[in-house]
Amino acid sequence: MAGPPASSSAPSSGQHLGNDADPRSKQSKPHPPTRNKNKPRTNAAQSTYLLFVLTCIFVTMVGNFLHHRIADPHTLHTRSMEMFEREHLGGKLKEKEREAIRFKKIKNDEWHLLPGTEKHDAPPLHDLAGLNCEDHGGPSNDLAAEMVYWSDIPSDSEFRSPIGLHDTEKKYLTFEPDGGGFNNIRMSLETIILMAHAMGRTLVMPPSQGMYLLRKDRDKQKVHFSFDDFYHMEQVGYEHAGLDIISMEQFLLEVAMTGNLKNKTSGIVAFPPDNRTNWDGIDPKPLKEYLRDATLAPLDWNPGSCLAAFP
């Protein structure tokens, strides 16, 4: 009889030998530590990163330098304010510019003084009936023309009131701004301008002071305003032959400090409180009380029973 088949000494392809079956397993050596192949690359990355940081710092410093030297917004803002003051607000800058262009050729035409007046010694620096917003990135001139508030009426600019036309003594009109909102302030200003023009009186503009609803956050922004901050008051008087407009400081210097104002009750010469002539940004109450006592101030005037009319 045949016995069981003998086992083969060689393993089949599907069999695995244990460690005991592999004589070389006992003699195998541990693998050597893996070499960090990224180490040189890490050093290069650090150098690149450091170079990048230094480049950013350099570019930032150069950019800040050029920014402050060439296109600093504070510098541009200051230049814009100076340009706006020169073109619109009057003051010393406008006086210097007016003096510089005095009696020069304007638009190829020689400028002449208007007959019977000495104040038109140079062409106006701003046209009241025009609006140009190019310097401020505004709308085109065609669109701006639709927003012009004033109309240029030549006959109005040459009008002279027959009231006091031949008087040798100059007369003035002072006023207190309306205590309401800005729209009320604007309407009362227009009324005062018309009254001064109709009566042939020099209009005295009040000093800069607080205005209703424009006095908030005084520690963060400007809270004292004059009408020159909103309107071209100097140009209003400049373009109208029969209307003169001066500041309160000029009025006090030329009239009050020369002894031409007297207390209505005592008849004694009255000078401004503390002999102050510049009241910009100061509480105007003492000045108002002084002018009420030294000028004709019809505080008891009742418009319901008495109306002012001009021919």
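Ordering Thr295, Thr265, Thr202, Thr191 by how much accessible area each has at a 1.4 Å probe, largest first, what is the list? Walk me through the intermediate numbers first.
Numbers: Thr295 30, Thr265 135, Thr202 5, Thr191 75 Å².
These residues rank, largest area first, as Thr265, Thr191, Thr295, Thr202.
Here Lys170 sits with roughly 120 square angstrom of accessible surface, probe radius 1.4 Å.
So if we plug the beta-carbon distance of Glu134 and Val59 into 1/(1 + (r/R0)^6) with R0 = 30 Å, what FRET efficiency do we get, rounded to 0.05?
Details: r = 34 Å, r/R0 = 1.13.
Calculated value: 0.30.
Using the structure shown, select from Lys171/Lys222; Lys220/Lys285; Lys170/Lys222 the pairs with a Cα to Cα distance greater than 29 angstrom. Don't skip to the answer; put the middle values down first.
Working: Lys171/Lys222 33 Å; Lys220/Lys285 24 Å; Lys170/Lys222 35 Å.
Listed pairs above 29 Å: Lys171/Lys222; Lys170/Lys222.
For the range 173-228, the solvent-accessible area works out to 52 Å² per residue, with a probe of 1.4 Å and every protein chain left in place.
Please report the net charge: other residues with Cβ closer than 11 Å to the Cβ of Gly200, K and R +1, D and E -1.
Result for the local shell: +2.
In this structure, the amide hydrogen of Thr202, modeled 1.01 Å from its nitrogen in the peptide plane, lies closer than 5 angstrom to those of Lys171, Tyr172, Leu173, counting only residues at least 5 positions away or on a different chain.
If the chain linking Ser47 and Leu296 were pulled fully straight, counting 0.36 nm for each residue of separation and taking away their Cα-Cα distance, it would gain 81.1 nm. Short-range pairs are left out: with C-alpha atoms under 8 Å and at least six residues apart, the relative contact order of the range 260-311 is 38 percent. Using a probe of 1.4 Å on the protein chains alone, the accessible area found for Leu299 is around 130 Å².
Backbone amide hydrogens, once placed in the peptide plane, bring Lys262 within less than 5 Å of Ala270, excluding anything fewer than 5 places away on its chain.
Summarising the amide proton neighbourhood of Phe225: residues at separation of 5 or more, or on other chains, whose placed amide H is nearer than 5 Å comprise Gln209, Gly210, Met211.
Quick one: grab the alpha carbon gyration tensor of the range 145-261, order the square roots of its eigenvalues as a ≥ b ≥ c, and give me rounded if a/c is under 1.5, else prolate or oblate depending on whether a/b is larger than b/c. Write down the numbers at each step before the final one.
On the way: a/c = 2.35, a/b = 1.28, b/c = 1.84.
Here the range 145-261 falls in the oblate category.
Using the Cβ-Cβ distance between His166 and Asp142 with R0 = 45 Å, the FRET efficiency computed as 1/(1 + (r/R0)^6) comes to roughly 0.45. Glu289 contributes about 90 Å² of solvent-accessible surface, heavy atoms of the protein only, 1.4 Å probe. Sequence-distant contacts, meaning Cα pairs under 8 Å at least 6 residues apart, place the relative contact order of the range 189-311 at 24 percent.
Across the accessible surface of the range 185-303, with the other protein chains kept in place and a 1.4 Å probe, carbon and sulfur atoms take up 52 percent. Of the chymotrypsin sites (Phe, Trp or Tyr not before Pro) found in the range 275-311, those that fall in a DSSP loop while having at most 11 other beta-carbon atoms within 10 Å are Trp301.
The values are calculated or read from the model by the stated rules, or taken from the named source; none is laboratory data. Everything quoted here is computed from the prediction, not taken from an experiment. Heads up, the Cβs are rebuilt from the backbone with ideal geometry, glycines too, and the neighbour counts pull from every protein chain shown. What goes into the accessible areas is simple: the full protein's heavy atoms, side chains included, and nothing from ligands, DNA or RNA. Shrake-Rupley method; radii C 1.70, N 1.55, O 1.52, S 1.80 Å.
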